[in-house]
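**Student:** Handing you this structure, nothing more for now.
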Amino acid sequence: MADIQPAPLIDKPLDQKSMALTGVDQTGDKIQTLGTNGNSGTIPNAEFQQPRPLQHQGSSGSLGSPGPLTSDDLSEELLQMGWRKYWSKRENMPYYFNKITNESLWETPQIVHDNMSDPLGIASDRPNPLLGDKRLSRPSVEIPQPNLQKRRHSGDVIGSPTAKRPAFSYSPFWNFEVPTNVVVYERAPSILPPPNPEIEQLRAQLLLKLRQHYQELCQTREGIDAPTESFNRWLLERKVVDMGNDPMLPTACSNEVSQAMYREIMNDIPVKLVKPKYSGDARKQLLRYAETAKKMIESRGGTPEGRKVVKWNVEDTFTWLRKQNAVYEDYLERLGHLKRQCQPHVTEAAKTSVEGICIKMYNMACDTARKIHERHWEILKECNIREIPQPPEPVHQRKVFCYPVQMAVPAPRLPHVVEMTQENEQHVLKFRGETIKINSSHFYKLEQLYKISCRDDPRFDHYLQRVWSLLRRYHTLFGQHTNEGLSLQGALPLSVFECLQRVFGVTFECFASPLNCYFRQYCSAFLDTDGYFGSRGPILNFHPVSGSFEANPPFCEELMEAMVDHFEGLLEESKEPLSFIVFIPEWRDPPTEALIRLESSRFKRKQIILPPYEHEYRHGFQHICPKDDTNFKAMHGTLVVFLQNELGFQKWGPSTERVKELLIAAKPKESL
């Protein structure tokens, strides 16, 4: 490229066109000027002289020898704003100086109008920089400069289910920052079909019919209402021994008769007994029990010895009731005596009928599960997804930190639309006319769990459908009556969780759900709906090698017994640090089998008792209850047992100082 030669100096005045074509070199060392003929040249550096005001209009000057320049290119408005035209000796060209703001410009200053008084810029004399650009179909639209503003992510759009919210920056009742210390062997993925809102709606309808059938069987066969929570405990007890493929209903149990259902029905035969408030209520209950027991033993037969014992005790009770000097305690004592004498014979008479109820319910559950399974796979086959007969086994049996349940069956893109709105402090999800509410704080919590744990939906395409399926599943489990299922979801208070993590290294919950978990690693009842939100599946199917755990099981005796068996087996096999801190009700009248076995376990390192009304639990329905009702005082004592192997005891042992911190953390805030 040839060197640029200096342009010759001219003596004629600088016209308007020449000034518009003047540019400043970015280096500041030389000035390149473009003449009217397009040639370029350089002008040697020169020092700026002091600003010299322009002379009156009509004067002339030249580039070679500075002189007065004309100022007719400045409008009256610019002059009023303080702009004047001066000559630069160094650059040998004119420039503009504002005596008010001390601002200097090479080009003619532009008038900037107030956007509030002239938002469209109609009154502006500034030429449109986009005018004449043939690439623009609408040159009046101002195009932003590139790389100055990024396109908003879809998750930032207001109203999007994945929108970033301030709730993500704090954890009011959870701590997902705690990493896991639980080590497991790699596990096979689940072959259950992925959750579907339509299927969960069908499941809810069929389970409601099943509950209604249970109520009808109890009324028609035994003359009693279905025992409270009996159906829910039946579901939990059945899943302890069930080998079927339905996540909720029993389909493959070795014994069709549920001991939990059988026991709870028998407790209400011949009548349901409750603790009376007044002596009149106690007398009525005693009289009703005697009459019903006599009627039952006469209609259903039984052994001759049993019939004789029941009739004799009933007649003796009638004679005693004719007395007029009995008090409240006398009625209670007489009722207890009558039940001890008659109940074994009444139970024997009702045994066949009650077992028939249990068998009927099991068969109906199998039929219900089959209908759900068939309909679910009909939908998946329409999307060209086939059933997997056996789960693929891991290639290598290696130890890894625990991870959420993985699903082998892919999730199709479904046409179902779950609508979401927000009302005050609740999110409302609606699917096919059915509405489910959840507190907004818990909805944000589910977002965090989903973002952390889900691997097949980075764009949150399935998020609302899976949230709706999750909520529908748990509402189906809870039941239809007020506060039914409350004990299935109770959780420890936040202060206890914080203490367990800080003092005993706990990072994992054995019995939780996405709705009430504190850590992001936990086991729960349903692996298909909960796995996308961090669940490791049911605890009885989870086999850790090491780690520190908290266990607060639902109040189902069979499940608590199975839990103790499972924990003792894990502690027996593990050669690494393993610890389970178990919280169960202190039921001693009579004591439960789980309580007896915990207290006599060879892995027990210590046990403490939290007295009734001196510790709290979090509400079982914390995801829908008001914030002020979240915590409630426990009406019964809670037994805390530390089960640890030798290495676990050395690492997380319940020393006196550690136990003291736990006792303080368990006390209600107002009592501190």
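The values are calculated or read from the model by the stated rules, or taken from the named source; none is laboratory data. Quick caveat: nothing in here was measured; it's all calculated off a predicted structure. Using ideal geometry, Cβ is built from the backbone for each residue, glycine included, and neighbour counts are taken over all protein chains shown. These area figures cover heavy atoms from the full protein model, side chains too; ligands, DNA and RNA do not enter into them. Shrake-Rupley method; radii C 1.70, N 1.55, O 1.52, S 1.80 Å.
**Student:** What list of ³J(HN,Hα) values in whole Hz, one per residue of the stretch 93-107 in order, does the Karplus curve 6.51 cos²θ - 1.76 cosθ + 1.60 (θ = phi - 60°) give from phi, with Gly and Pro shown as x?
**Tutor:** 7, x, 8, 10, 10, 9, 6, 8, 9, 6, 8, 10, 9, 7, 9
**Student:** Sequence neighbours fewer than 8 away in the same chain don't count; with that in mind, list the lysines whose C-alpha is under 21 Å from residue 381.
**Tutor:** Once the sequence-local lysines are set aside, what remains near residue 381 is 371.
**Student:** For the stretch 595-654, what is the accessible area per residue in Å², given a 1.4 Å probe and the full set of protein chains?
**Tutor:** Computed with neighbouring chains in place, this is 48 Å² per residue.
**Student:** Here's a follow-up. With every protein chain left in place, what is the accessible area per residue of the stretch 372-470 in square angstrom, probe 1.4 Å?
**Tutor:** Dividing the accessible area of the stretch 372-470 by its residue count gives 56 Å².
**Student:** Between residue 303 and residue 318, 0.36 nm times their residue separation minus their Cα-Cα distance comes to what?
**Tutor:** 3.1 nm
**Student:** Oh, and also: How big is the dipole moment of the stretch 364-416 about its Cα centre under a simple scheme where the beta carbon of each Lys and Arg is +1, that of each Asp and Glu is -1, and everything else is neutral? Debye, nearest 20, please.
**Tutor:** Computed charge dipole of the stretch 364-416: roughly 200 debye.
**Student:** Taking θ = phi - 60°, what integer Hz values does the Karplus form 6.51 cos²θ - 1.76 cosθ + 1.60 yield along the stretch 248-261, in sequence order, with x for Gly and Pro?
**Tutor:** 10, 8, x, 9, 8, 9, 5, 10, 6, 8, 7, 5, 5, 5
**Student:** Right, here's the next one. Using the per-residue mean of other Cβ atoms lying within 10 Å as a proxy for protection, in what order, highest first, do the peptides 434-440, 528-534 fall?
**Tutor:** Order by mean packing, descending: 528-534, 434-440.
**Student:** At a 1.4 Å probe radius, carbon and sulfur cover how many percent of the accessible area of the stretch 536-672?
**Tutor:** 53
**Student:** Of the accessible area of the stretch 250-314, with the probe set at 1.4 angstrom, what percent is carbon plus sulfur?
**Tutor:** 52
**Student:** Please report the relative contact order for the stretch 400-502, taking Cα pairs under 8 Å with a sequence separation of at least 6, and give it as a percent rounded to a whole number. Could you put the intermediate results ahead of the total?
**Tutor:** Values: 57 pairs, mean separation 17.0, N = 103.
Once divided by the residue count of the stretch 400-502, the mean separation gives 17 percent.
**Student:** If we count every other residue with Cβ under 12 angstrom of residue 434's Cβ, Lys/Arg +1 and Asp/Glu -1, where does the sum land?
**Tutor:** Neighbourhood net charge equals +1.
**Student:** How high is the relative contact order of the stretch 224-265? Use alpha-carbon pairs under 8 Å, at least six apart in sequence, and give a whole percent.
**Tutor:** 41
**Student:** Okay, moving on. Order of 597-607, 248-258 by packing, highest average Cβ count within 10 Å first?
**Tutor:** The packing order, highest mean first, is 248-258, 597-607.
**Student:** Could you state the accessible area per residue of the stretch 255-304 in Å², with a 1.4 Å probe and every protein chain left in place?
**Tutor:** Working: 2780 Å² over 50 residues.
I get 56 Å² per residue for this part.
**Student:** Can you give the net charge of the other residues whose Cβ lies under 13 Å from the Cβ of residue 654, counting K and R as +1 and D and E as -1?
**Tutor:** Local net charge: +4.
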